[in-house]
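The values are calculated or read from the model by the stated rules, or taken from the named source; none is laboratory data. These figures come from a predicted structure and were not determined experimentally. Here Cβ is always computed from backbone atoms with ideal geometry, including for glycine, and neighbour counts include all displayed protein chains. For the accessible areas, the whole protein counts, side chains as well, though only heavy atoms, and no ligand, DNA or RNA atoms are used. Shrake-Rupley method; radii C 1.70, N 1.55, O 1.52, S 1.80 Å.
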Amino acid sequence: MTATPRRRWVLHVDLDQFIAAVEVLRNPELAGKPVVVGGRGDPTERGVVSTASYEARAFGVGSGMPLRVAAKKLPDAIFLPVDGEAYTAASNVVMETLRGLGVVVEVMGWDEAFLGVETDDPIAFARRVHDEVFEATALHCSVGIGDNKLRAKIATDFGKPQGVYTLTQDNWFEVMGERGTDALWGIGKKTARKLATLGITTVAELAATDDGVLAAAFGPKTGPWIGTKGRGVDLSPVSAEPWIPRSHSRETTFQQDLDDWSAVTEEVRTLALRVREDIMAADRMAVRVTLKVRYVPFETHTTTAALREPTFDPAVISDAAAALVDRFDHTRQVRLMGVRLEMTPVDQTLANNEGDVSGT
C-alpha cells in the first residue's frame, strides 16, 4: 500500500502577552495582576505601552496607548520599564525550541514566528508546539493553522489564549466573510476607511470586487494586492532566511513640548547621527532620509527625500535631515520626532565590497 502523502501547512506561533509574561516569570508576585510595560515604567512621563497583561487589557489598556492614558484608565496598574535584553533572551530560547522541531522557522519578531510543516495532523503538531515551548520557557503560546501565511496569522487570534485554531480555504468565508476589512492582516484602518468610501465594508465584499476598481482607487499594484487579501490568498513562502532590514530609525519623545524650532533642528541632527552609527554597523550606506514629527496633541506627519548618492558622510546625512524640518509647520509645538535612514540593498553592498577587494 502507498502511504498517504503528508500535506504542507503553515503554522503561526504567537506568544501570549509575551513581554508581560516574561515579567511575571521574573517576578511571580505579578501573576494575575494588571501589568503595563512601556517606556521607563513611569506613567507620568511620555511614552507608550509596549504590552499589557490580560488583566490590564480588560480595562481597555493596549499596546501603543500613551502611558498617561493607561494610568487614567487603570491607576492601580503596575507599570514596568521595557527591558529589551530580557525579552530577547527569552525569545531566543523560544525560537531555538521551534527550530528543534525539524521544521522551517521564519522569525517575525520577539514573540511570533511562522512554521512550514509537513504533517497529516496539524492540530496535534500545533499542540506539540505549545507544549515544547512551555516546557522550555514556561511561556504559553497560541497557534494558528492555515494553508498559507495570511490565514495562519489571522487564525491565531481566534485561538488566544493558549489555543489552536484552523483557517483554510474551506472555512475562509464562513469565518471571515462578514467581518470588516480591517480584520485582515495587512489592511489597516486607513485603508479600510478608503474601501468603505467605495462601498466595500466586509471581507466578502472585498473578495467580490473587481481588480480594476481597486486598481483605480489604490494603484495598479496595490489595488489587486488588497483584493487578494479579501480572498485569503497569500503565495509568500515560509523562509528560514533571516530578516534583513531596509532601514534603521530612532525617535525621541520630549517630556516637555518643543516650540523652539531651532532646538527641533538640533535634535533632528543628533538623531540623524545616531542612526548613521546604526547603518555603519550594518555596513550599508544611506540612500534616503525620512523625518517624522508628532505635533501636540497627537498628530503625526512624515516627509522624505532621497540623497544624491549613497553615503556615510555625517555632514551630508545630518544636513539632509535638518533640511526636512523646513517642510513642517513651525507655528506648532512638537512632542515627538524620529529620523529613518533607508540603506543600500544587501546585494549592492556585497557588490561594492567585492569591487573593493578586486581593486586591491
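Pairing residues of the stretch 323-338 that are within 17 Å of Phe254 (Cα to Cα) with residues that are of a type in the set (A, V, I, L, M) and assigned to a helix (DSSP H, G or I), at Cβ distances under 8 Å and at least 6 apart in sequence or on separate chains, gives Val325/Val264; Val325/Val268; Val334/Val264; Met337/Val264; Met337/Val268; Met337/Leu271; Gly338/Leu271.
On the stretch given as the stretch 22-52, residues that are in a loop (DSSP other than H, G, I, E, B), more than 30 Å from Val296 (Cβ to Cβ) and not charged (D, E, K, R) total 3. Scanning the stretch 256-299 for residues that are at pLDDT below 95, open to solvent by 70 Å² or more (accessible area, probe 1.4 Å) and in a strand (DSSP E or B) returns Gln256, Glu299.
Within the stretch 209-237, residues that are basic (Lys, Arg) sit with their Cβ atoms under 6 Å from residues that are open to solvent by 30 Å² or more (accessible area, probe 1.4 Å) and in a loop (DSSP other than H, G, I, E, B), at 6+ positions apart or across chains, in these pairs: Lys229/Gly186. Exactly one residue out of Leu25, Leu30 is aliphatic (A, V, I, L, M), more than 20 Å from the chain's Cα centre (by Cα) and open to solvent by 60 Å² or more (accessible area, probe 1.4 Å): that is Leu25. Determine whether the stretch 179-187 contains at least one residue that is open to solvent by less than 70 Å² (accessible area, probe 1.4 Å) and either of a type in the set (Lys, Arg) or on the phi > 0 side of the Ramachandran plot (or both). Checking the stretch 179-187: at least one residue is open to solvent by less than 70 Å² (accessible area, probe 1.4 Å) and either of a type in the set (Lys, Arg) or on the phi > 0 side of the Ramachandran plot (or both). Considering each residue of the stretch 211-231 in turn, at least one proves to be open to solvent by 50 Å² or more (accessible area, probe 1.4 Å) and of a type in the set (A, V, I, L, M).
Conditions tested, residue by residue: (1) more than 21 Å from Ala152 (Cα to Cα); (2) modelled with pLDDT under 95; (3) among the polar types (S, T, N, Q).
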residue: Gln17; (1), (2), (3): no, yes, yes
residue: Pro43; (1), (2), (3): yes, yes, no
residue: Gly47; (1), (2), (3): yes, yes, no
residue: Ala90; (1), (2), (3): yes, no, no
residue: Phe114; (1), (2), (3): no, no, no
residue: Asp121; (1), (2), (3): no, no, no
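Against the conditions (1) open to solvent by 70 Å² or more (accessible area, probe 1.4 Å); (2) of a type outside the set (Ser, Thr, Tyr); (3) in contact (Cβ under 8 Å) with a residue 40 or more places away in the chain, Val107 satisfies every one except (1). Restricting to the stretch 305-341, name every residue that is assigned to a strand (DSSP E or B), farther than 13 Å from Ala272 by Cα and open to solvent by 30 Å² or more (accessible area, probe 1.4 Å). Result: Ala306, Arg308, Glu309, Pro310, Arg335. With the condition kept exactly as written, say whether any residue in the stretch 123-131 is in contact with an Asp or Glu (Cβ under 8 Å, 6 or more places away or on another chain) and of a type outside the set (Asp, Glu). Within the stretch 123-131, not a single residue is in contact with an Asp or Glu (Cβ under 8 Å, 6 or more places away or on another chain) and of a type outside the set (Asp, Glu).
The residues listed here are Ser53, Ser63; of these, the one that is without any contact (Cβ under 8 Å) to a residue 40 or more places away in the chain, open to solvent by 30 Å² or more (accessible area, probe 1.4 Å) and not hydrophobic (A, V, I, L, M, F, W, C) is Ser63. Checked against the criteria, Val117 does not count as over 23 Å from Thr51 (Cα atoms), open to solvent by 30 Å² or more (accessible area, probe 1.4 Å) and not aromatic (Phe, Trp, Tyr). Suppose the filter is open to solvent by 20 Å² or more (accessible area, probe 1.4 Å) and closer than 30 Å to Glu23 by Cβ; does Glu132 pass it? Taking the combined requirement at face value, the residue satisfies it. Checking Trp185, Trp172 one by one, the residue that is touching a Lys or Arg at 6+ places or on another chain (Cβ under 6 Å) and under 30 Å from Leu15 (Cα atoms) is Trp185 and no other.
Only a single item in (1) within 20 Å of the chain's Cα centre (by Cα); (2) open to solvent by less than 60 Å² (accessible area, probe 1.4 Å); (3) of a type in the set (Lys, Arg) is not met by Arg250, and it is number (2). Is it true that some residue in the stretch 92-101 is under 16 Å from the mean Cα position of the chain (by Cα) and in a loop (DSSP other than H, G, I, E, B)? No, that holds for no residue.
Scanning the stretch 152-178 for residues that are surrounded by 16 or more Cβ atoms within 10 Å (Cβ to Cβ), in contact with a Ser or Thr (Cβ under 6 Å, 6 or more places away or on another chain) and among the charged types (D, E, K, R) yields one hit, Lys160.
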